1. Sort through PHE21, PHE15 and tell me the only one that's touching a Leu at 6+ places or on another chain (Cβ under 7 Å), under 23 Å from GLN92 (Cα atoms) and of a type in the set (Phe, Trp, Tyr).
2. So is SER27 at pLDDT below 95 and not aliphatic (A, V, I, L, M) or not?
3. I need the helices (runs of 4 or more DSSP H) fully contained in the chain, keeping only those with at least 3 residues that are touching a residue at least 60 places away in the same chain (Cβ under 8 Å) and surrounded by 11 or more Cβ atoms within 10 Å (Cβ to Cβ).
Amino acid sequence: QKQLISNYKSSFANFKGSNVFHERELSAMATVYDNLFSLSLKNLDELLMIITASKPRMTDAERLQAIDRIYDDMEEKANFLQYYNTNNRALQKQRSQELHGINVISDLYGY
């Protein structure tokens, strides 16, 4: 959870500061990050319920299976976040290069 939050906050701050994304794109990114955060919080809540249940409603084997499932789900979210940020960084780099090219041409022609 901590790694997800740290990763998305730093990436989102970078994307906002780059000035190459439109406001609606940043809003869509924020929605993706918020959804990912909410889903990961649900995983933490479920994990907390599993490990702190006062009455054992699950066998130890069932409890371990549930913990493994939550772990796999969180790992899937981390992988998605990495993929999502990598794609956004590639788009950011491409747009930055295009803007640089436009500025060079403008300087050459005095615009």
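1. Answer to the check: PHE15.
2. no
3. Here the list reads 2-17, 60-109.
The values are calculated or read from the model by the stated rules, or taken from the named source; none is laboratory data. Not measured: the values here are computed from a predicted model. Cβ: placed from backbone, ideal geometry, glycine included. Neighbour counts: every protein chain shown.
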